[in-house]
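The values are calculated or read from the model by the stated rules, or taken from the named source; none is laboratory data. Note that this is a predicted model, so its numbers are computed, not measured. Reconstructed Cβ throughout: ideal geometry from the backbone, glycine too, with neighbour counts over all protein chains shown.
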Amino acid sequence: MAPSFNDENSLFNFVVKEGNGVKGLVDLGLTEVPDRYIQPPHHRINKKQAAGSHENLIIDLSEFDGPNHEQVVKAIAHASETLGFFQVVNHGVPLELLESL
């Protein structure tokens, strides 16, 4: 039976102080996500709204070192804060390297 982490100190100690990380929780066989890792509903991403805004999900990094640097930075920050994820294009990482990963 997997242990439960009912108090925040035991969870923090296991994950952070003992260096087990969140993966350590999975390795223990935990069957429920600890409350600390569940985002309150009012902070969650609206999936329908996010799905309808694909232009916010794709960020072109070819302009990162140019005059539009601030716009690229703002797009990354906005996607990170509101959607939690995004796709980058024109990043300059060779396809061979990506495929080898």
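Of all residues in the range 1-18, none satisfies being loosely packed, with under 11 Cβ neighbours inside 10 Å, at pLDDT below 85 and assigned to a helix (DSSP H, G or I).
Scanning the range 54-88 for residues that are part of a loop (DSSP other than H, G, I, E, B) and within 26 Å of His42 (Cα to Cα) yields Leu57, Leu83, Gly84, Phe85, Phe86. Does Asn68 fit the bill of being modelled with pLDDT of 85 or more and either over 16 Å from Phe86 (Cα atoms) or in contact with a Leu (Cβ under 9 Å, 6 or more places away or on another chain) (or both)? Yes; evaluated as a whole, the condition is true for this residue.
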